[in-house]
Amino acid sequence: MTSLDLRSFNFLAALQCAVMGAVLLGIRHNFPSEIKGLRYWGVAPLLALGTTAFYALLGHAPALLVGLGGNGLLMACTVTLLAGTCEFLGRPWRWWPWVVLVLGCLAGLFVFFVIWPDYRPRMLIFGLGMALICGVHTQVLARHGRGFAARLMLVAMAWQTLVLLTRALTTYWIDTPETQRFDAGSVIHMVFVATFSFTILMVLVSAQLMASERVRQEFEHLASHDELTGALNRRAILRLADQAHARWQLEGQAYALLLLDLDHFKRINDNHGHQAGDRTLVKVAATLQQGLRPLDRVGRYGGEEFIALLPISDLASAQRMAERLQARVERLPADADTPACTVSIGVALVQADDASCDAVVGRADRALYQAKAAGRNQVSLG
């Protein structure tokens, strides 16, 4: 009776996981293409369901077929889960080392099925191989996973690794050469099989949560960043400026704003085409971001204008930063895709009578107009 219950539980758990895997495969087309790994996460539980189909043949098909087929698919399921996590987290992935591991384990199982029949070395080989896969999965999550869902998956994989190691290393104490996977009355087998089924379920739940978190992050990024240049958009950079102004009013931390405008940008579009103009904007935005301090922020103010927020700054420091940025843009090399360009920059520091950051922006804008009127490619203070 215990055997029937255990097999039934194993099948029902695998079926539930397979349904979740099918959901992941179905929804992945609705996710941004930048989110990787959903395909592997979706395929893995289908492989686990195939494992239960092999195990259901126990007693009705050769034990060698059941053992190699079931264990092979189970290892393939675990490797595929790892592949999905690596792809999702942007980690490098190669199949061949894991294919070699699985084939090596299956070769060892074959030896102890056919040449020297003994359940214990089979359990040792299979358990250690699976523990290695799950252990690497745990390590990847510990190093690169972020957020609640990643930690949930980490706990599940760490627990699975511990159970696999314990099961493998204790086999010579609790098993006999004739032990079968679903032996009646075996609590050890029940815990072992139930733990693996539960782990896959937790990993799939975590995968769906991780994908949802990534989608939310993508939408938040799109809502606050300029699609072309990757810099903050106007609303986001001005919101940060408002926050800097509030801190200045409460704590006295002065801030500066730089308003930057590409010189003769219309001429670039007219002479080289709008695509060249877009590439120029992208290159300038990247140059500005690289030239700023880690605490500074840059946003696209509109068209060919950018605005930089310099928290905790004074006027002299802001001027030096502006001159450095102006020189960096001027040194950008021209190539076949993007022409050379320069920027004019207006600099303004918050003052005691500024009611909001709009007053600082206004002075920076007037200073920018002065830099343009004075011949462009220079810095003016407001």
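Just so it is clear, none of the values below were taken in a lab; they were calculated from the coordinates. On a predicted model such as this, the values are computed, not experimentally measured, just so you know. Glycine gets a Cβ as well: all are built from the backbone with ideal geometry, and neighbour counts include every protein chain shown.
Put the Cα centre of the range 217-243 next to the Cα centre of the range 296-357 and the gap is 17 Å. Rounded, prolate or oblate: pick one for the range 202-290, where a ≥ b ≥ c are the square roots of the eigenvalues of its C-alpha gyration tensor, a/c under 1.5 means rounded, and failing that, prolate if a/b is larger than b/c, else oblate. Oblate is the answer for the range 202-290, as a/c is 1.5 or above yet b/c matches or exceeds a/b.
Applying both filters, DSSP loop and at most 14 other Cβ atoms within 10 Å, to the trypsin sites (Lys or Arg not before Pro) of the range 247-337 gives ARG331.
Counting only alpha carbon atoms, the long axis of helix 2-27 and the longest principal axis of the chain meet at about 30°. When only Cα pairs below 8 angstrom with a gap of at least 6 residues are kept, the range 234-381 shows a relative contact order of 31 percent. Would you mind telling me the antiparallel percentage of the DSSP bridges in the range 234-381, rounded to 5? Once the DSSP bridges in the range 234-381 are tallied, antiparallel ones form about 85 percent.
The loop-placed chymotrypsin sites (Phe, Trp or Tyr not before Pro) in the range 72-135, going by DSSP, that have at most 11 neighbouring Cβ atoms within 10 Å of their Cβ come out as TRP95. Just checking the listed ones, LEU204, LEU164, LEU238: in the Gaussian network model of the chain with Cα springs under 10 Å, the one fluctuating most is LEU238. Against the set [x] 147; [y] 116; [z] 177, the structure's computed volume of the Cα convex hull per residue in Å³ falls on [z]. Its relative contact order, with pairs defined as Cα atoms under 8 Å and 6+ residues apart, puts the range 2-223 at 23 percent. Contact order for the chain, expressed relative to its length and based on alpha carbon pairs under 8 Å spaced 6+ residues apart, stands at 13 percent. Using only side-chain charges placed at the Cβ, +1 for Lys and Arg and -1 for Asp and Glu, the dipole size of the chain relative to its Cα centre rounds to 420 debye. In the chain, the longest principal axis of the Cα atoms and the axis of helix 148-169 are about 30 degrees apart. Since only ALA142, LEU64, VAL99 are under comparison, the one whose Cα sits farthest along the positive direction of the charge dipole of the range 47-201, derived from C-beta charges on Lys, Arg, Asp and Glu, is ALA142.
Could you order the peptides 224-230, 80-86 from most to least packed, using the average number of other C-beta atoms within 10 Å per residue?
On the way: 224-230: 15.4, 80-86: 24.4.
Ranked from most to least packed, the peptides come out as 80-86, 224-230.
Straight-line reach from LYS372: taking Cα to Cα under 18 Å and skipping same-chain neighbours fewer than 8 places apart, the lysines in range are LYS266.
Stokes-Einstein diffusion for the range 234-381, with the hydrodynamic radius set to the Kirkwood value over Cα pairs and evaluated at 4 °C in a medium of 1.567 mPa s, equals 84 µm²/s.
Computed extension length for THR176-ALA53: 41.8 nm, one decimal, from 0.36 nm per residue of separation with the Cα-Cα distance subtracted.
Phi-derived couplings, Karplus 6.51 cos²θ - 1.76 cosθ + 1.60 at θ = phi - 60°, listed residue by residue for the range 369-377: 4, 5, 5, 5, 5, 7, x, 6, 6 Hz, with x used for Gly and Pro. Note on the range 234-381: with charges restricted to the Cβ of Lys and Arg (+1) and Asp and Glu (-1), its dipole about the Cα centre is near 200 debye.
Across the options ALA158, LEU47, THR199, the greatest Cα extent toward the positive end of the charge dipole of the range 2-223 (unit charges at beta carbon of Lys, Arg, Asp, Glu) belongs to ALA158.
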